[in-house]
Structures are given as structure tokens and as C-alpha cells.
């Protein structure tokens, strides 16, 4: 088709500072490709402000307008392009399809254990997370413990998107960057291939009271949650629900979904992730720019084997799932266990096993901005009857300036700040 694989992903910077950067993917199609690309873009700290994509089932063309989530964020564009290209099927895969041979998929990246031992201070965990993000190191699991003498042992189970952690140079670079950021607080930094520790952490269980489990994993939104999804947001007062209109008459071969909802940081990813998990193929999609805090999305969809979706039960289930993911993609609550105050954040895991990007980064950022210290933290997987979840547990330190354990107002402020950081771009 006259397109080189290395040109499958192209960037077009904005003409003036502040303008969106255009990201174009033009490559062979595969199931869930749009979701995979959006996840990677989010991992690099970008928001998607607008989008167009189409496919004939064999070839796809995706155009996304992106801006940094934080104005101070420095985007590693070369690394982002490498990641996006790696996610796009290559000509060799197209050839394997042509000759009816199974395509070759990349092996999962090995998991490494990063041990950081240091003196405690405010914002420490977020600063370490920020360094790992800049180095293209993905956090798979975390275990953080504060000792009685105010020292912290951080255990990060990480993978390297550049697949270079097996080299001494890459490991030394990681420890050097951490030492530069932690300065005199750093006691030691070790990085090695993970052993049974990762499997043990994967199998870790987290118990919840029935009340907390209902808040974290229920499909229905309580009136309390509806009122605080976008705290202090005038847009939330205008639109309380996500609206989805189904049209099976406009196209002879596709079902049209017309979606209107409140805009949020990862809206496009949530919609494409849900479609991917439900085996729905999006033949054409248009994500309009935000107007008065609301976003319109038009999707022409088909069943996995082609054809319209005419079964009313399937359509009802799909629309219900999309509404849930648009209104309630992340669950945030605070629980008490004796004198301890615990912040819990849960999000659904893709059927393919991927967790939501940058959750740990955003939560630790919110707590740092609030001036709250984290006594311990961990990330585990949890299963309910219908899906798997990634659960982030933070044991918060009480400090005189911010007595969170004794003031309900403080708890609401923490939940609202965390949710806003996770949801609002």
C-alpha cells in the first residue's frame, strides 16, 4: 500500500504553543488496537481531546488530538512513538494472516524488583513514581512499608517498555535517577530480576467489609457518589447521566451509538476498553471536542463476526456497561480499621489483563498536594463474580495539620481531591 511500517505512527505538533499534537496511526488492524493505543497515550501523560478512527476489519486509520495532562509534563515523544509502533501490527503479521498462519506475538516483558530504602518525607512515593514514569518503567505491583524509625522500604515490581533492564547500564541509570531525586534521603537502591516475590504479591488477598465492597465493586452508583463524581463541577450539575441513543436505521450494515456524557481524562480509553472487552468492533468513530464540559461520541459498531447488533438484550447490556464505565470507571473510598485510615481506589482490569494507566501516579500526586504522608501502600488484584479489579490500598498517616482520622470533612476532601486528579484533565 506504499506505507512503510516505521511510518505507521506519525506525530504532527501544534502550530502554536498549547495547540494539540496530532497522533496518526495508519496500519493493519487488530482486535482492540484503538484501546491499546489510547492506553499507551495515557501512560505518557497525555489527554485525548478529539478523535477519528475507521477500519474495514483489515486496515485502520486512527487520528487523535492530544495535550499534556499537566502543563509542566515533558513528553518523551521518541519513546512514545516506539511504544505505539510496537502496538501496531506489522506487515509480517499481515502476511501471516494472508497465508493462514498464526501471527507471532511478543513475549511478555520480564518483571524486575526495585528496592528503594530511604528516609521518609512528604511526597516521597510520588517522586519515585514520577522518576519511573519518565524512564518508561511500568509499575506492575507495589508494596510500601514505613518502619518505626521513619524509614521507608519501597518494593516496586516493574517492567521495562524498552526491554533493557537486563543490562547493567539501564539498571544503573534507574538507580542514579532515583538517587538524584531522593538526594540525602536515599539510603540504598537495588534493582534485580524478580523471583517468587512477584508471584507471592500477585496472589495477595485483600479483605473488605460488605459496606466497603459495595462501594468499590457495585455496578450501581449511590446518590452520594453521583453527587461527588466531579466535585465542585458546574458541568456535573447540568448532566447527571450518560446518554446513549441506538440507531439501527442509518446504516445498512452497522449499528450507530450516539453517546453524550461528561468529559473526563480517560473517556476515550474507557469507551474503547469496554468495546474491546465486549467483543464489539468499531468500524467508524468520531470523538467530538468538549463543549460546556460535555463530550459527544458517535460509534458505528458491528458484532465480532460482522453485521448489526439487533438483539435488544445485547444492546441493553452493552449500553448499560458503557454507561457504568463512563460514569463510574474508578471507585474511591476511605475506610477505617481501628485507628487506621485507609484510602482505597479500585478500577476494572481489561479482559486482556492490563490495568488502568497512571492510577498510582495520580493518587500519590493528589496525596502529595494535600500534604498527606503515606505510611504503607500496596496494589493487588481482586475478583468479583463478573470481572477482575485492580485495588490500590494506602494507609494514611495522621499529621497535626490535617487530622484526617477525626474529621469527616477531611475524608470528603481527600476523596474529592483524589477523584478529581484521576478524572479531570
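Listed here are the residues, each with its yes/no results for (1) in contact with a helix residue (DSSP H, G or I) (Cβ under 7 Å, 6 or more places away or on another chain); (2) assigned to a loop (DSSP other than H, G, I, E, B).
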| position | (1), (2) |
| --- | --- |
| 305 | no, yes |
| 313 | no, no |
| 319 | no, no |
| 323 | no, no |
| 333 | yes, no |
| 344 | yes, no |
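Of the set (1) crowded, with 17+ Cβ neighbours inside 10 Å; (2) outside any loop (DSSP other than H, G, I, E, B); (3) modelled with pLDDT under 90, all apply to residue 89 but (2). With respect to the conditions (1) surrounded by fewer than 21 Cβ atoms within 10 Å (Cβ to Cβ); (2) in contact (Cβ under 8 Å) with a residue 24 or more places away in the chain; (3) out of contact with any helix residue (DSSP H, G or I) (no Cβ under 8 Å at 6 or more places or on another chain), residue 30 lacks only one, and its number is (3).
Residue 312 meets each of the listed conditions (1) at pLDDT 90 or above; (2) buried (at least 16 other Cβ atoms within 10 Å of the Cβ); (3) more than 20 Å from the chain's Cα centre (by Cα); (4) outside the structural domain of residue 213 (by TED's automatic domain parsing) apart from (2).
Could you identify the single residue in 380, 332, 363 that is within 18 Å of residue 270 (Cα to Cα), under 20 Å from the mean Cα position of the chain (by Cα) and touching a residue at least 12 places away in the same chain (Cβ under 8 Å)? Don't jump to the end; show me each part of the working.
Numbers: 380 fails: within 18 Å of residue 270 (Cα to Cα); 363 fails: within 18 Å of residue 270 (Cα to Cα).
Sole residue among the options that is within 18 Å of residue 270 (Cα to Cα), under 20 Å from the mean Cα position of the chain (by Cα) and touching a residue at least 12 places away in the same chain (Cβ under 8 Å): 332.
Just one of the numbered conditions (1) surrounded by 17 or more Cβ atoms within 10 Å (Cβ to Cβ); (2) touching a strand residue (DSSP E or B) at 6+ places or on another chain (Cβ under 6 Å); (3) over 20 Å from residue 38 (Cα atoms) is not true of residue 342: (1).
Answer yes or no as to whether residue 127 is at pLDDT 90 or above and outside the structural domain of residue 79 (by TED's automatic domain parsing). Judged against the criteria, residue 127 is a match.
Just one of (1) free of Cβ contacts under 8 Å to residues at least 60 places away in the same chain; (2) farther than 21 Å from residue 298 by Cα; (3) in contact with a strand residue (DSSP E or B) (Cβ under 8 Å, 6 or more places away or on another chain) fails for residue 45. It is (1).
Selection of region 307-326 for residues being without any contact (Cβ under 8 Å) to a residue 24 or more places away in the chain and farther than 21 Å from residue 387 by Cα yields 311, 312. Summed over region 289-305, the residues that are closer than 21 Å to residue 55 by Cβ and free of Cβ contacts under 8 Å to residues at least 12 places away in the same chain give a count of 1.
Residue 372 meets each of the listed conditions (1) outside any loop (DSSP other than H, G, I, E, B); (2) farther than 25 Å from residue 280 by Cβ apart from (1).
Yes/no matrix, rows are residues, columns are (1) buried (at least 18 other Cβ atoms within 10 Å of the Cβ); (2) in the same structural domain as residue 268 (by TED's automatic domain parsing); (3) within 24 Å of residue 355 (Cβ to Cβ):
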| site | (1), (2), (3) |
| --- | --- |
| 12 | no, no, no |
| 16 | no, no, no |
| 20 | yes, no, no |
| 35 | yes, no, yes |
| 47 | yes, no, yes |
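Every condition in (1) touching a strand residue (DSSP E or B) at 6+ places or on another chain (Cβ under 6 Å); (2) assigned to a loop (DSSP other than H, G, I, E, B) holds for residue 285 except the one numbered (2).
The values are calculated or read from the model by the stated rules, or taken from the named source; none is laboratory data. If you're wondering where the values come from, they're calculated on a predicted model, not measured in any experiment. For neighbour counting, all protein chains shown are included, and Cβ atoms are generated from backbone atoms with ideal geometry for every residue, glycine included.
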